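K.L.:
Have a look at this one before I ask anything.
The values are calculated or read from the model by the stated rules, or taken from the named source; none is laboratory data. Predicted model, so just to flag it, every value in this text is computed and none were measured. Cβ atoms come from the backbone with ideal geometry, glycine included; neighbour counts cover every protein chain shown. The protein model used for the area step is the full one, side chains on, heavy atoms only, and it has no ligands, DNA or RNA in it. Shrake-Rupley method; radii C 1.70, N 1.55, O 1.52, S 1.80 Å.
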Amino acid sequence: MADNGSLAKSPRVDDWIGVAADGRVRVHSGKVDIGQKVTTALALIAAEELDVPLERIEMVRAETGLAPDEGITSGSYSMDQSGNAIRLAGATARRHLLRLAAEKLGVDAASLETGDGLVRARATNQTMSYAELLDGAPFGIAVDLEIESKKPADYRYVGKPGATARDMAAIATGSHRYVHDMQMPGMK
C-alpha cells in the first residue's frame, strides 16, 4: 500500500468525504490544483469508490485548518497521498452506507448494490439515497486502512473515456486564471 501519511493525520471518513442533503458528495483534499488537474483525478476516484456520477462530486477547495493536512502539492504526491486516502475513505464510506441500508431495509448487506448515489435491494428494487441514509449526520467512523477498494476491472469512471478535466475549456483557450496571474495593487 502507498504512503498513509495523509490518513495518519486525518483518519476519519468525514475528514475526506461528506454527503450533502441534495445528494452531492463533497470531497476534501489537502492538495491544491495548480494546473495539473488533480482535482479531476481525485473526483474520479471518489466517484468510482462511491458509485456516484462524476458531475455530482464536488471537490472542496483546500483551506488551511479545514482540509486534511497533506503538506505540499508537488512531485506527483497528490495521487499517492490524497488519491489513496480518498480511495480508502470512499470504500469505507460505501461499506458503511451498505450497512446502514441493510439495517433500514431489513435485508442482508450482501443483497444490496450501489449506483448513482443510491443503495438498492436487488430482491425488492427498494432504494435509499446516500443522503437519506445519513440524514444529515456525519459518517462518524475511521477510514479502514485494510478495506478492499474496487478492482480496476470493475471501474466505470477511472481510466474510461468521457471524463474531461474540469475547467479544460478555460485552460485550452488561455482564459483560466492561475495564482501567478494575480495582479495586486502596487505590484511591480
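K.L.:
So, Ala101, is that one under 15 Å from the mean Cα position of the chain (by Cα), without any contact (Cβ under 8 Å) to a residue 60 or more places away in the chain and either assigned to a helix (DSSP H, G or I) or on the phi > 0 side of the Ramachandran plot (or both) or not?
P.N.:
No: the conditions fail for Ala101.
K.L.:
Then there's this: Conditions first: (1) in contact (Cβ under 8 Å) with a residue 60 or more places away in the chain; (2) outside any loop (DSSP other than H, G, I, E, B); (3) charged (D, E, K, R). Arg95 passes all but one, so which condition is the exception?
P.N.:
For Arg95, the failing item is (1).
K.L.:
Here's a check for you: in segment 83-113, which residue that is among the polar types (S, T, N, Q) and touching a strand residue (DSSP E or B) at 6+ places or on another chain (Cβ under 9 Å) is surrounded by the most Cβ atoms within 10 Å (Cβ to Cβ)?
P.N.:
So, considering only residues that are among the polar types (S, T, N, Q) and touching a strand residue (DSSP E or B) at 6+ places or on another chain (Cβ under 9 Å), the one surrounded by the most Cβ atoms within 10 Å (Cβ to Cβ) is Thr92.
K.L.:
One residue is enough: does segment 49-70 have a residue meeting the conditions in contact with a strand residue (DSSP E or B) (Cβ under 8 Å, 6 or more places away or on another chain) and of a type in the set (Asp, Glu)?
P.N.:
Yes, segment 49-70 contains at least one residue that is in contact with a strand residue (DSSP E or B) (Cβ under 8 Å, 6 or more places away or on another chain) and of a type in the set (Asp, Glu).
K.L.:
For segment 2-77, list the helices (runs of 4 or more DSSP H) that sit wholly inside it and hold at least 3 residues that are under 15 Å from Phe139 (Cβ atoms) and touching a residue at least 24 places away in the same chain (Cβ under 8 Å); which are they?
P.N.:
So the answer is 13-16, 38-50.
K.L.:
Further question: Please go through segment 114-163 and give me each residue that is open to solvent by less than 70 Å² (accessible area, probe 1.4 Å), in a loop (DSSP other than H, G, I, E, B) and of a type in the set (A, V, I, L, M, F, W, C), ordered by number.
P.N.:
Ala137, Phe139, Ile141, Val143, Ile147, Val158, Ala163
K.L.:
Which residues, taken from segment 164-177, are within 16 Å of Leu42 (Cα to Cα) and part of a helix (DSSP H, G or I)?
P.N.:
The answer is Met168, and nothing else.
K.L.:
Do we find a residue being out of contact with any helix residue (DSSP H, G or I) (no Cβ under 6 Å at 6 or more places or on another chain) and under 21 Å from Asp33 (Cα atoms) anywhere in segment 121-131?
P.N.:
There is no residue in segment 121-131 that is out of contact with any helix residue (DSSP H, G or I) (no Cβ under 6 Å at 6 or more places or on another chain) and under 21 Å from Asp33 (Cα atoms).
K.L.:
Of everything in segment 21-40 that's open to solvent by less than 30 Å² (accessible area, probe 1.4 Å) and in contact with a helix residue (DSSP H, G or I) (Cβ under 7 Å, 6 or more places away or on another chain), which residue is nearest to Ala165 (Cα to Cα)?
P.N.:
By that ranking, first place goes to Val38.
K.L.:
Ok, one more. Report, by residue number, each residue of segment 164-188 that is under 28 Å from Ser10 (Cα atoms) and open to solvent by 90 Å² or more (accessible area, probe 1.4 Å).
P.N.:
Selection gives Val179 alone.
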